[in-house]
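Coordinate-derived values only; no laboratory data. Remember, it's a predicted structure, so these values are computed and weren't measured experimentally. Every residue, glycine among them, receives a Cβ derived from its backbone with ideal geometry; neighbour counts consider all protein chains shown.
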Amino acid sequence: MKKIIIAPSILSADFVALKYDVKMIENSEAEWVHIDVMDGHFVPNITVGPLVVKSLRNVTKLLFDVHLMITNPEKYWREFQRAGADLITFHDEVISDKKKMINDIKSSGVKVGLSIKPKTSISKIEYLIPHIDLVLVMTVEPGFDRQFFIEEMVYKIRNLRKIIDENNYNCLIEVDGGINPQTASACIGAGADVLVSGSYIFLAKNPRLAVKSLLI
Ligand code: DX5
Ligand code: ZN
């Protein structure tokens with residue numbers, strides 16, 4: 001069976017005790033830290049900036065998966081790279097020259113991902129798949145945690161898996177939004193490689209067990 005990566009989203013963590021929530025991730029079977037960056041413009045919510053990424057970089061070696069839900073990622077991605085991001089994902093919907101953005105991020109030495117909102121179809125980004133490390137399929141409308149998984153996204157994941165496999169592309173499929181054991185297993189069945197989960201993990205009584213339950 002292929003390896004599934006769990007990326008807990010710190011959006012649902014306790015920001016007063018962020019360091020300890022990241023330590024919890026280290027002591028669980030999760031391997032990445034998903035950091036949701038929101039600007040109050042691309043999405044109706046505001047979260048964290050590079051300062052938080054920089055501080056967390058001092059306390060863990062876990063891979064930092066930075067999800068930029070911002071209108072001007074071309075203006076700010078480098079700040080996140082300097083702060084210690086390992087993977088930077090931007091949204092298809094906000095960038096016209098995506099090839100340039102992909103090349104710029106890659107040549108800075110970090111991995112690059114492209115995200116699509118639920119209403120954006122794969123055909124729009126298909127030509128870019130050979131050039132990126134990851135496609136992030138949003139399974140809720142971006143902006144908030146604790147939303148319900150949009151079931152139709154399972155077909156999108158399955159289609160994407162088909163395209164990647166048929167062409168032998170070296171690109172991971174990450175899913176984000178409404179992930180719990182049921183939706184996780186639907187996504188894994190459809191071909192997802194990386195599962196982001198916020199509230200299901202951090203609101204659980206035992207977050208480490210919650211991580212484990214996504215892998216069963
Ligand atoms: C939504 C964010 C997600 C969110 C996931 O815009 O990108 O990463 O925090 O939270 P849950 O797992 O609660 O849907
Ligand atoms: Zn996210």
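Tabulated results
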{"item": "Cβ charges +1 (Lys, Arg) and -1 (Asp, Glu), total dipole of the chain, debye", "result": "340 debye"}
{"item": "In sequence order, calculated HN-Hα J values of the range 90-105 (Karplus, 6.51, -1.76, 1.60; Hz; x Gly/Pro)", "result": "10, 8, 3, 5, 10, 10, 8, 8, 5, 4, 5, 4, 4, 5, 4, 5"}
{"item": "Relative contact order (percent, whole number), the chain, Cα cutoff 8 Å, 6+ residue spacing", "result": "21 percent"}
{"item": "Dipole of the chain, positive direction: furthest Cα of Phe90, His67, Ala7, with charges on the beta-carbon", "result": "Ala7"}
{"item": "Per-residue HN-Hα couplings for the range 159-174 [Karplus 6.51, -1.76, 1.60; θ = phi - 60°; Hz; x = Gly/Pro]", "result": "4, 4, 4, 5, 4, 5, 5, 4, 9, 6, 6, 9, 9, 7, 10, 10"}
{"item": "22 Å Cα-Cα threshold exceeded, pairs from Lys119/Lys205; Lys99/Lys124; Lys54/Lys106; Lys162/Lys212; Lys3/Lys61; Lys61/Lys98", "result": "Lys119/Lys205; Lys162/Lys212; Lys61/Lys98"}
